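Quick notes on the structure that follows.
The values are calculated or read from the model by the stated rules, or taken from the named source; none is laboratory data. Bear in mind that the values here come from a model prediction, so they are computed numbers and not experimental data. Virtual Cβ from ideal backbone geometry, glycine too; neighbours counted across all protein chains shown. SASA here: full protein model, heavy atoms, side chains in, ligands and nucleic acids out. Shrake-Rupley method; radii C 1.70, N 1.55, O 1.52, S 1.80 Å.
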Amino acid sequence: MSGHDLDAALRVAVELAEWASQTIRGGNAAANGPVRQKASPADIVTDTDEAVERHVRSVLRREFPAWGIDGEEYGAEEGVVHAPHWVVDPVDGTTNYAHGLGWCSFSLGLAEPDGSPLLGVVADPWRGEIFTAVRGGGAYLNGTPLRAADHPTLTGHVFLTEWAAHAHWPGLDALLAALAARHCTVRVMGSTALSLVQVAAGRATAAAIGEFHPVDGLPALLVATEAGAVAMPPLPAYDEPLLLAAPQAAAEARELWRATVGPGDGGDVYGKEPPERQVAQSTFQSP
């Protein structure tokens, strides 16, 4: 993957993020059609989710026809052998969007065939913010370099997390109790990608999710680590928990994580797909 290729990919990704932000801001879930249920009443989709992903796919197919695409709404499309693949979540935080709450995001990333991240873009439509990162090139917010916070402790600072859809994930309740005992303020905002990049921006000292999914987690993971955050594990398997922490607070966060959630911070594989995504994953694996 040459630098020129990544430069072109980043340019297109940012243009798509700007377009998606305008589309999301101009959308109205109630006016643009009914909210529809997918896997459960807590897993929903709107016309905006589908329209944004269709447009993004059409542009990516035109600009990078050899590369694969894996999206939240329309699944995986195979690229050529050894090619990278895009991961896209058109509206990460659909429940917030559908209920008129201004906290959702657009997430787009590029990954190697083995799933390791090359490029990440996360857009906050409501605040006009676009977070970007290219592997090895640092992280940026609207073109300004980002660094994770220099706080040496979780105490007195913000910890962001998300439910697993509507439910608490294993270890979350114990983690919340331990954070409360440290006077660390927890927020559950409703968008995985947007919560994770707050660690990159230094607004949150740490963030955690119980189930990592590349379509909404991989771009934010790259942005955060390029900003200096520590990821545990470095690259989770599908549905594996993920912890991000500011570097000086990482040891404390890791200790707390192991005591409440379990070890789970030593892997760096991309694989353990649920049945409905096993085929999608295999299309991105080189023989």
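For (1) at pLDDT below 95; (2) part of a strand (DSSP E or B); (3) small (Gly, Ala, Ser), each residue gets a yes or a no:
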site	(1), (2), (3)
Ala178	no, no, yes
Val186	no, yes, no
Leu221	no, no, no
Tyr238	no, no, no
Ala250	no, no, yes
Leu256	no, no, no
Arg277	yes, no, no
Gln281	yes, no, no
(Q) Could you check the range 198-218 and list, in sequence order, the residues that are in a strand (DSSP E or B) and open to solvent by 10 Å² or more (accessible area, probe 1.4 Å)? (A) none
Q. With respect to Gly27, is the statement that it is modelled with pLDDT of 95 or more and open to solvent by less than 50 Å² (accessible area, probe 1.4 Å) true?
A. no
Q) Out of the range 177-197, which residues are surrounded by fewer than 24 Cβ atoms within 10 Å (Cβ to Cβ) and either closer than 25 Å to Glu129 by Cα or in contact with a strand residue (DSSP E or B) (Cβ under 6 Å, 6 or more places away or on another chain) (or both)? A) Leu179, Cys184, Thr185, Val186, Arg187, Val188, Met189, Gly190
Q: Tally the residues that are open to solvent by 60 Å² or more (accessible area, probe 1.4 Å), under 23 Å from Asp7 (Cα atoms) and under 17 Å from the mean Cα position of the chain (by Cα), restricting the search to the range 71-108.
A: 0
Q) How about the range 89-103: which of its residues are over 16 Å from Leu16 (Cα atoms) and not polar (S, T, N, Q)? A) Gly93, Tyr97, Ala98, His99, Gly100, Leu101, Gly102, Trp103
Q: Looking only at the range 80-90, decide whether some residue is under 24 Å from Val223 (Cα atoms), β-branched (Val, Ile, Thr) and out of contact with any Pro (no Cβ under 8 Å at 6 or more places or on another chain).
A: yes
(Q) Checking the structure you have, find out if any residue of the range 52-70 is surrounded by fewer than 20 Cβ atoms within 10 Å (Cβ to Cβ), within 25 Å of Met189 (Cα to Cα) and out of contact with any Leu (no Cβ under 9 Å at 6 or more places or on another chain). (A) no
Q | Residues being assigned to a loop (DSSP other than H, G, I, E, B) and at pLDDT 95 or above - total across the range 131-168 | A | 19
